[in-house]
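Contents: one structure, followed by commentary.
Every number here is computed from the coordinates shown, using simple stated rules; none is lab data. Note that the coordinates shown come from a computational prediction; the quantities given were computed from them, not determined experimentally. Positions of Cβ are generated from backbone atoms using ideal geometry, with glycine treated the same way; all protein chains shown enter the neighbour counts.
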Amino acid sequence: MPKSITLAARVDVDLDIELGRLATVTGRSKSWLVNEALRSFVANERQFLAAVEAGKQALREGRTIDHATVVAAFDRLVATTQ
């Protein structure tokens, strides 16, 4: 297992209470739950930032779709689900 560090953070009292309840129900420690939550957050943020960078690169390369085309495609998708 990788080395760990102690990380201090201030959280709302309500969040701490909910975290404690979740820890009890799941049989996990609050530390384990916070670690998993931070792993998920970091992974999601990295994925989001990569998507933003890909979009910026597409824009630089001129690979864009005009608004009217996007709206028309969206309208077709909505119409097929109704």
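A few comments on the model shown:
- Phi angles across the range 18-30 convert, under the Karplus curve 6.51 cos²θ - 1.76 cosθ + 1.60 with θ = phi - 60°, into 3J(HN,Hα) values of 5, 4, x, 4, 5, 4, 5, 5, 8, x, 10, 7, 4 Hz, Gly and Pro given as x.
- Estimated from helical segments only, the mean residue ellipticity of the chain at 222 nm is -25000 deg cm²/dmol, where each DSSP H run of four or more residues counts as -39500 (n - 2.57).
- Inter-centroid distance (Cα atoms) of the range 8-26 relative to the range 40-82, Å: 35 Å
- Separation of the ASP16 and VAL70 label points, Cα + 7 Å toward Cβ, nm: 4.3 nm
- Length gained on full extension, LYS56 to SER40, computed as 0.36 nm times the residue gap minus the Cα-Cα distance: 3.3 nm.
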